[in-house]
Amino acid sequence: MATRIGRVGDIKVGRYIIIEGEPCEVVSVKKEVSPIGMEKLAVTAIGILDGKERSFTAPLDSECEFLVVEIKNAQILAADNENVHLIDMRTGKRFQVKKPRGIESELKADTRVEYIEVMGIPKLTKMGLQNIHSYT
């Protein structure tokens, strides 16, 4: 898991950061002003691996750890009630992931998806869904 150090003020919704040692996806950011006039950022994120909500508030110029993620492409081979069976488009490696909530109806065989791998665990993202046969 590659990380880089950045400023809290650079955090945006959809970015991946480390909170309490866990990789998280940022779902909310809000600027606040402390009683002494210092600008702070209130950050709420969801753990990528455990789904737990985490939050913190810190000055804009303080440091935080950003997770460097590689977005990979896969094709859905099959989908059952709980899992999606995939093949990596570059390496040919077959694997399965738990079905993410909210996009179950779009997870059909021959659909191309994007996924990330965090700490060796693949996770589907909501972006990159396209049917392979739609261009023929």
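The values are calculated or read from the model by the stated rules, or taken from the named source; none is laboratory data. Worth saying up front: this structure is predicted, and the values here are computed from it rather than measured. Glycine gets a Cβ as well: all are built from the backbone with ideal geometry, and neighbour counts include every protein chain shown.
Here are a few things to note about the model shown:
- GLU82 in the same structural domain as ILE121 (by TED's automatic domain parsing) and touching a strand residue (DSSP E or B) at 6+ places or on another chain (Cβ under 7 Å): yes
- Residues in segment 35-82 that are more than 17 Å from the chain's Cα centre (by Cα) and farther than 23 Å from ILE5 by Cβ: 11 in all.
- Of the numbered criteria (1) surrounded by 12 or more Cβ atoms within 10 Å (Cβ to Cβ); (2) of a type in the set (Val, Ile, Thr); (3) out of contact with any Lys or Arg (no Cβ under 6 Å at 6 or more places or on another chain), the one ILE19 fails is (3).
- Checked across segment 57-76, the condition of being in contact with a Ser or Thr (Cβ under 7 Å, 6 or more places away or on another chain), farther than 21 Å from THR125 by Cβ and aliphatic (A, V, I, L, M) holds for no residue.
- In segment 14-27 there is no residue that is at pLDDT 95 or above, hydroxyl-bearing (Ser, Thr, Tyr) and on the phi < 0 side of the Ramachandran plot.
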